[in-house]
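Reading through the C-alpha cells given below for one structure.
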Amino acid sequence: MSNDIIYEEVGYVRLITINRPVKMNSLDFSANEDLIEAFKRFDSDKSARIAVVTGAGEASFCAGADLKSYTMSFATTPSQEFRETYTNGYGLGGITRNLNIYKPIIAAINGYAMSGGFEIALACDMRLCSPNAIFALQDVKWGFHACDGALVRLPHIIGLSHTMEMFLTGDRYDADWAYRVGLVNRVVNQELLVEESLRLAHELGNRSPLAHRQGKETILHAIGRPLPEGLRFESSSFRDLGDSADLAEGTKAFSDKRDAVFKGN
C-alpha cells in the first residue's frame, strides 16, 4: 500500500485516510486499488470492529475520481469490456459496490465530498462533517451521471425530492443543508472532526460486534424488499444470535448492572 492511503490501528478502530491533499484527495487508479485493499483488510481483521474514513488536510474529504486517469480509461478501453469490468468490480473506493462489509463504517467529511467522493460517504453508515463540508453530484455537468451508488443509496437517506434536486442541478450543498435533510448525523468543528469521529467509533466498539454485523446486514437486505420478506430475514438474524456468547454476556451484564464486555461471537 502506498502513502496515498494511510491505515492506522486505534484500539478496536481502524482509521483510513485518503492522503492526496494536493489532488483534493481524488483517487487515481493506484490510490483506488489501495483504498479497496484497506477496506478488505479492515473487513478480514477480526480485531477491527469499526472503521473511520477521512481525507488528509482540511479542504477535501474526497473529490471523487482523478478524471485525468479515469477519462483516459474511458477513451482507451472498449466500451463493453469497460462496462463488464466496472460493473463486476468494487467501484470507486471499494465500498460502493460488490464489497459487502457489515462492520460499521463512519465517514469524517472534512471539506469537499464531490461526485465519487460523495458516493464513498454515502456507502458509510454514519456521516460526520465539518462546517466547511460541501456535497455535490456534479457528473451531469460533464455529460454522465453517478455510477457508484448515489442514485441508489441517496433516496433512502434524504428522500426522493432532495435526491432529484441534487442530481438534476449538479449544484453544491453546504453542511447546514446536509444536516437539515438528514444527509449527515452531526456537524463538528473542523479541528475536532477526526477526534469526535474516533470517540464515536470507540463508543460503538463497546457494543456487540456480532449484533452490529447481523443487524447492519438485515437493514441493508430489507431495503427495497417487501415487508414480509424483510421481517422474515430480521427474525432469522435474531434467532442466529440466540446461542452467541455476546448475547449471554449482554444478558448477564444487564442482570449484574455492569457494562458488557463483548467478544464478537
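The values are calculated or read from the model by the stated rules, or taken from the named source; none is laboratory data. Fair warning: this is a prediction, and the values are worked out from it, not measured in the lab. Positions of Cβ are generated from backbone atoms using ideal geometry, with glycine treated the same way; all protein chains shown enter the neighbour counts.
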Some residue of the stretch 166-177 being in the same structural domain as GLY11 (by TED's automatic domain parsing), surrounded by fewer than 17 Cβ atoms within 10 Å (Cβ to Cβ) and of a type in the set (A, V, I, L, M): yes
Some residue of the stretch 218-228 being assigned to a helix (DSSP H, G or I), assigned by TED's automatic domain parsing to the domain that holds THR96 and either modelled with pLDDT under 95 or out of contact with any strand residue (DSSP E or B) (no Cβ under 8 Å at 6 or more places or on another chain) (or both): no
Identity of the residue in the stretch 118-145, crowded, with 24+ Cβ neighbours inside 10 Å and more than 18 Å from SER197 (Cα to Cα), that ends up farthest from the chain's Cα centre (by Cα): LEU137
Residue identified as assigned by TED's automatic domain parsing to the domain that holds VAL184, outside any helix (DSSP H, G or I), β-branched (Val, Ile, Thr) and within 23 Å of ALA136 (Cβ to Cβ) among VAL52, VAL22: VAL52
Single unsatisfied condition, ASP256 versus (1) farther than 22 Å from ALA123 by Cα; (2) touching a strand residue (DSSP E or B) at 6+ places or on another chain (Cβ under 6 Å): (2)
Only listed residue being more than 13 Å from the chain's Cα centre (by Cα), among the hydroxyl-bearing types (Ser, Thr, Tyr) and either at pLDDT 80 or above or surrounded by 24 or more Cβ atoms within 10 Å (Cβ to Cβ) (or both), chosen from SER60, SER69, SER79: SER60
Restricting the stretch 225-261 to residues that are in contact with an Asp or Glu (Cβ under 9 Å, 6 or more places away or on another chain) and of a type in the set (Gly, Ala, Ser), the residue that is farthest from HIS212 (Cα to Cα): ALA253
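Residue-by-condition table, conditions (1) within 30 Å of GLY159 (Cα to Cα); (2) of a type in the set (Gly, Ala, Ser); (3) in contact with a helix residue (DSSP H, G or I) (Cβ under 8 Å, 6 or more places away or on another chain); (4) not in a helix (DSSP H, G or I):
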residue: LEU200; (1), (2), (3), (4): yes, no, no, no
residue: ALA211; (1), (2), (3), (4): yes, yes, yes, no
residue: GLY215; (1), (2), (3), (4): yes, yes, yes, no
residue: GLY230; (1), (2), (3), (4): yes, yes, yes, no
residue: GLU234; (1), (2), (3), (4): yes, no, yes, no
residue: SER255; (1), (2), (3), (4): no, yes, no, no
residue: LYS263; (1), (2), (3), (4): no, no, yes, yes
Filter result for HIS162 (more than 19 Å from the chain's Cα centre (by Cα) and in the same structural domain as ASN88 (by TED's automatic domain parsing)): yes
